[in-house]
Amino acid sequence: MRIPPFICGAASAALGLVLLAPAHALAASGAGENTQLNLPADGGAKKITGASGSGSLVRTVVGLAIVLAVIYGVAWVLKQVKASKEERLRGTGLESAAVVPLGPNRALHLVRAGRELVLVGVAEHGVTPIRTYSEEEALELGIIGEDDDEEPAARAGAVRWLDRLKDRTVRR
């Protein structure tokens, strides 16, 4: 799963805030380098434990887990919204049979519209219909397979035909 860049940026900002919060709290409370230390008068050394560092580490790990959970939650919601929009926009009368990319922002699309196949050129500033094939004509030319109900066979025929067309038209 690819995470969009704006989510990575938001996660970095949130993580920075979580990590900088303790330093900001110390500066706001007046504690820091100017705080007077209360040292024992006898100069005896006492054993110092690292218990205070473990609490900070746990807080950092929990904060990181929360940020990661929010990132994955937002990505899941965005994926669901995108899928619902695609489902709404998808009709039953049109179907993409094959696509051949020809270069940056240029491609050939073979679109099934009912019983016809339309070869369409798509560029950055427009869509141009190139040729329309009837189902019988497409079968004769080998654009689609014999049994159109078998989806892989139909796609394989269209892809083969478009690959031959691509070999003739694409500069190498």
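What follows draws every value from the coordinates through simple rules; no lab data is involved. In this text, all values refer to a predicted model and were calculated from it rather than measured experimentally. Ideal geometry is used to build each Cβ from the backbone, glycine not excepted, and the neighbour counts take in all protein chains shown.
Distant-in-sequence amide contacts of Ile144, defined by a placed amide H-H separation under 5 Å and a gap of 5 or more residues or a different chain, comprise Leu139. Summarising the label geometry, the points placed 7 Å from Cα in the beta-carbon direction at Asp167 and Glu116 lie 3.0 nm from one another.
Residues whose amide H comes within less than 5 Å of that of Ala97, counting only those at least five positions distant or on another chain, are Leu110, Val111, Arg112 (H built at 1.01 Å from N in the peptide plane). Straightening the chain between Glu135 and Arg160 buys 7.3 nm, computed as 0.36 nm per residue apart minus the Cα-Cα spacing. Computed 3J(HN,Hα) for the stretch 69-79, one whole-Hz value per residue from the Karplus formula 6.51 cos²θ - 1.76 cosθ + 1.60 where θ = phi - 60°, is 5, 5, 4, 5, x, 5, 4, 5, 4, 5, 5, glycine and proline marked x.
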